[in-house]
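S.K.: Provided herewith is a single structure, encoded as structure tokens, for subsequent inquiry.
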Amino acid sequence: MEPVRVTDFAKAKQRGHKLKMLTAYDYPTAQILDAAGVDAILVGDSLGMVVLGYEDTTRVTLEDVLHHTKAVARGARRALVIADMPFLSYHLGVYESVRAAGRLVQEGGCKAVKLEGGLEVLESVRAIRAAGIPVMGHLGYTPQSVHVFGGHRSQGRTLETARRIVQGALALQEAGVFALVLELVPHRLATWLSRRLEIPTIGIGSGPGCDGQVLVTQDMLGLFPGFNPRHVRKYQDLHGLCSEAVRQYVHDVDVGAFPTEQHSFSLDEAVLEALET
Ligand code: KIV
Ligand code: NA
């Protein structure tokens, strides 16, 4: 079982093999994804919403991502572990960008990092890559800019925004990213761009023409109720299943159906008798 490397991403695209990526933020989930055959595990800053309970990803810190990356890296044997660079960790100059990416690799144990944006982040991409750290790009809807988008999610539906995505993608490829996430980009644009690029595209809500797919695991397992966007397919209702299990436990303890003596340990009668005297 050879571990997946960034060079396998390019090979997969050449051979027409779809790349499969999901997010994880902890050790057991990483183990499940790894054993089930995903190629890459993203420690996404979506952890801000689906694990930490924040409203958006702008509250996630480098320490948050580091903490969860350590757990995921311990659970992944085959899959490539990629850590998201959080809000503001790559906007304050190349020194801070390389420092942040370097900590994710050195302390966190990931093999690559992902950051959002196009032309405005090229310098950081080049510097991080020059330090020996593979970089994944992320265009289209970029959640760290949620306050700039002002409620609009799908990106690239006008000529102007479509052009900006294409320019960003070509520039990122030129700067050396090994793959590119396209989030909520119209599927015809994503397909067109995927054909045009040499690096693989990893789509989320961007249609079947991308070279790979990614979802937030909590979304596809039904662990993040109340969020049912168009791009997600719910493969399981874990929130419902877990709620039912917990209700059953509460009921069983209430009525004395759990625990039974089998859930505990035996004691020699003589010990009890000796205690009495
Ligand atoms: O943080 C995240 O989960 C992501 C994916 C949705 C691509 O960036
Ligand atoms: Na992210």
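The numbers here are math on the coordinates, done by the rules we state, and not lab data. Please read these numbers as outputs of a predicted model, since none were measured by experiment. Here the Cβ positions follow ideal geometry from the backbone for every residue, glycine too, while neighbour counts run over all protein chains shown.
S.K.: HN-Hα J couplings of region 7-19 from phi, Karplus 6.51/-1.76/1.60, θ = phi - 60°, integer Hz, Gly and Pro as x?
M.R.: For region 7-19, the Karplus curve yields 5, 5, 5, 5, 4, 4, 5, 4, 8, x, 8, 6, 8 Hz.
S.K.: Right, next: In region 164-271, which chymotrypsin sites (Phe, Trp or Tyr not before Pro) fall in coil by DSSP and have 14 or fewer other Cβ atoms within 10 Å?
M.R.: 227, 235, 265
S.K.: Per residue of the chain, what 222 nm ellipticity follows from adding -39500 (n - 2.57) for every DSSP H run with n ≥ 4, rounded to the nearest 500?
M.R.: Per the formula, -12500 deg cm²/dmol.
S.K.: At 10 °C and 1.306 mPa s, what whole-number value in µm²/s does Stokes-Einstein give for the translational diffusion of the chain, with Rh from the Kirkwood sum over Cα pairs?
M.R.: Details: Rh = 20.2 Å.
Rounded to a whole number, D works out at 79 µm²/s.
S.K.: Using 1/(1 + (r/R0)^6) with R0 = 25 angstrom and r between the beta carbons of residue 241 and residue 31, what's the FRET efficiency to the nearest 0.05? Intermediate values should be presented prior to the final figure.
M.R.: Values: r = 19 Å, r/R0 = 0.76.
Computed FRET efficiency for residue 241 and residue 31: 0.85.
S.K.: Starting from the Cα-Cα distance between residue 153 and residue 267, subtract it from 0.36 nm times their residue separation and give me the gain in nm to one decimal.
M.R.: Full extension of this stretch gives 34.7 nm more.
S.K.: Still on this model: Under the 0.36 nm per residue contour assumption, what length would be gained going from the current alpha-carbon distance of residue 145 and residue 67 to full extension?
M.R.: 25.8 nm
S.K.: Now, a different point. With a Förster radius of 41 Å, plug the Cβ-Cβ distance of residue 258 and residue 7 into 1/(1 + (r/R0)^6) and report the FRET value to the nearest 0.05.
M.R.: Working: r = 52 Å, r/R0 = 1.26.
The value I calculate is 0.20.
S.K.: Below 25 Å, Cα to Cα, which lysines can residue 11 reach? Residues fewer than 8 away in the same chain don't count.
M.R.: By straight Cα distance, residue 11 reaches 20, 111, 114.
S.K.: How about region 189-265: which GluC sites (Glu not before Pro) there lie in a loop by DSSP and see at most 16 other Cβ atoms within 10 Å? Before the final figure, lay out each step's value.
M.R.: Values: sites: 198, 244, 261; in loops: 198.
Counting only loop positions with at most 16 other Cβ atoms within 10 Å, the GluC sites (Glu not before Pro) in region 189-265 are 198.
S.K.: Could you run the Karplus curve 6.51 cos²θ - 1.76 cosθ + 1.60 with θ = phi - 60° over region 98-109 and give me ³J(HN,Hα) per residue in whole Hz, x for Gly and Pro?
M.R.: Listing the rounded values in order: 5, 4, 5, 4, x, 5, 5, 7, 6, 9, x, x Hz.
S.K.: Which ³J(HN,Hα) values, rounded to whole Hz and listed in residue order, are derived for region 135-144 from phi using the Karplus coefficients 6.51, -1.76 and 1.60 in 6.51 cos²θ - 1.76 cosθ + 1.60 with θ = phi - 60°, glycine and proline given as x?
M.R.: Going residue by residue, I get 10, 9, x, 7, 10, x, 6, 10, x, 5 Hz, with x marking Gly and Pro.
S.K.: Give, rounded to the nearest 20 debye, the magnitude of the charge dipole that the chain has about its Cα centre when Lys and Arg contribute +1 at Cβ and Asp and Glu contribute -1 at Cβ. Before the final figure, lay out each step's value.
M.R.: Details: 28 positive and 31 negative charges, 448 e Å.
The dipole magnitude comes to about 2160 debye.
S.K.: With a 10 Å cut-off between alpha carbons and a GNM built on the chain, which of 211, 254, 45 moves the most?
M.R.: So, out of 211, 254, 45, the one fluctuating most is 254.
S.K.: Post the alpha-carbon centroid distance, region 240-263 to region 155-222, in whole angstrom.
M.R.: 46 Å
S.K.: Give the residue list of trypsin sites (Lys or Arg not before Pro) in region 164-231 that are DSSP loop and have at most 15 other beta-carbon atoms within 10 angstrom.
M.R.: Within region 164-231, the qualifying trypsin sites (Lys or Arg not before Pro) (loop, at most 15 other Cβ atoms within 10 Å) are 230.
S.K.: Shifting gears a bit: From the P(r) of region 1-156, could you give the percentage of C-alpha pairs in the tail past 24 Å?
M.R.: Cα-Cα pairs of region 1-156 separated by over 24 Å account for 31 percent.
S.K.: Related question: How many nm is it between the label spots at residue 250 and residue 195, if each spot is 7 Å from the Cα in line with the beta carbon?
M.R.: 5.5 nm
S.K.: Under 14 Å from the Cβ of residue 117, count the other residues' Cβ atoms, weight Lys and Arg +1, Asp and Glu -1, and hand me the total. Could you put the intermediate results ahead of the total?
M.R.: Working: positive: 114, 126, 164; negative: 45, 84, 116, 120, 123, 183.
Taking every Cβ under 14 Å from that of residue 117, the sum is -3.
S.K.: Given +1 on the Cβ of Lys and Arg, -1 on the Cβ of Asp and Glu, and no further charges, what dipole in debye does region 43-87 carry about its Cα centre, rounded to the nearest 20?
M.R.: Charge dipole of region 43-87: 420 debye, to the nearest 20.
S.K.: Just want to confirm a number: the relative contact order over region 6-236, from Cα pairs under 8 angstrom separated by 6+ residues, in percent.
M.R.: Worked out over region 6-236, it gives 18 percent.
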